[in-house]
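Single-structure report; data block below.
Every read-out reported here was derived from the displayed coordinates using simple, explicitly stated rules and does not represent laboratory data. Values in this document were obtained by computation on a predicted structure and should not be read as measured data. Here the Cβ positions follow ideal geometry from the backbone for every residue, glycine too, while neighbour counts run over all protein chains shown.
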Amino acid sequence: MSVFIKLVENRPPKEYAELAAADISYDDITEGESAATYEYDLLPSGALRILRVTKGEAAVVDSIYAPGLWFRVEGQWRGNTE
């Protein structure tokens, strides 16, 4: 399962009335020794964290998106972090 994120575009304040979005996709790597999947979780602040998970190893943080930068995410949920 890949993770797909809809981001709010960074625009000058006068253009905020026109909602626009950007897409980012983290595609799973299914072949070879570097095979990995991507999952996501949310930090208590509302920040979205993208994790790269390789079989037999601990998950590694790949990217973090501030709460105001994203508005929708699809993919494999990893759960809350405390």
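For segment 21-82, the convex hull spanned by the alpha carbon atoms encloses 86 Å³ per residue. Set the Förster radius R0 to 41 Å, insert the Cβ-Cβ distance between E33 and A66 as r into 1/(1 + (r/R0)^6), and round the FRET efficiency to 0.05. So the FRET efficiency works out to roughly 0.75.
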